[in-house]
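These notes are about the structure you will find just below.
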Amino acid sequence: MDFDISLMKDERCTLVRVQGDIDVVSRARFEEALFEVVDAGEPMVVDMRQVTFCDSTGLNAIVAANRRAGQHGGTVALVALPPRVQRVFRITGIDKFVPIYDTLREAIGALPSTTA
């Protein structure tokens, strides 16, 4: 499956929708999109429901974006990982550092409040 990524902004966060394989071929484009959002200091939710595969380069991009978000005071959350992809996150322990939610509603609800 071809790789595609799109960004959608709302008042709470930037939603990053990913489709296809996250691998050595798509890693640069994936990481660039994640860093763009993180560097803007915006909370980010990555919708992975249409991800068919994620290799170590994809995992590294997510870990790097999460680390960078922490340095900028931002947050990264993942949502709707297919079972095959979620298993990789569990096996590697990344699910202990990057929050994973079943639904978009849960992920957005867990974001820090923007009201003072």
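The values are calculated or read from the model by the stated rules, or taken from the named source; none is laboratory data. No experiment lies behind these values; they were computed from the predicted model shown. Each accessible area value is taken on the protein alone, full model and side chains, heavy atoms only, with ligands, DNA and RNA left out. Shrake-Rupley method; radii C 1.70, N 1.55, O 1.52, S 1.80 Å.
I want to verify a result. In a Gaussian network model of the chain, Cα cutoff 10 Å, which of these has the top mean-square fluctuation: 28, 80, 40?
40
Any idea of the accessible area per residue across the chain, 1.4 Å probe, to the nearest Å²?
56
Would you calculate, for the chain, the mean residue ellipticity at 222 nm contributed by helices, counting each DSSP H stretch of 4 or more residues as -39,500 (n - 2.57) and dividing by all residues, to the nearest 500?
Taking each H run of at least 4 residues, the total per residue is -12000 deg cm²/dmol.
Nearest 10 degrees is fine. How inclined is helix 27-39 to the longest principal axis of the chain, computing both from alpha carbons?
Helix 27-39 sits at roughly 10 degrees to that axis.
By how many degrees, 0 to 90 and rounded to 10, does the Cα axis of helix 56-71 deviate from the longest principal axis of the chain?
The two axes meet at around 10 degrees.
Top mean-square fluctuation among 67, 105, 27, Gaussian network model of the chain, C-alpha springs under 10 Å?
Its mean-square fluctuation being the largest, the pick is 105.
Radius of gyration and Dmax for the chain's Cα atoms, expressed in Å?
Rg then Dmax for the chain, in Å: 12.9, 44.
Could you pull the accessible area for residue 29 with a 1.4 Å probe, rounded to 10 Å²?
120
Can you list residues from other chains, or at least 5 along the same chain, whose modelled amide H is less than 5 Å from the amide H of residue 54?
For residue 54, the qualifying residues are 22.
So which residue, out of 24, 63, 38, gets the largest mean-square fluctuation from a GNM of the chain using Cα contacts under 10 Å as springs?
Ranking 24, 63, 38 by mean-square fluctuation puts 24 first.
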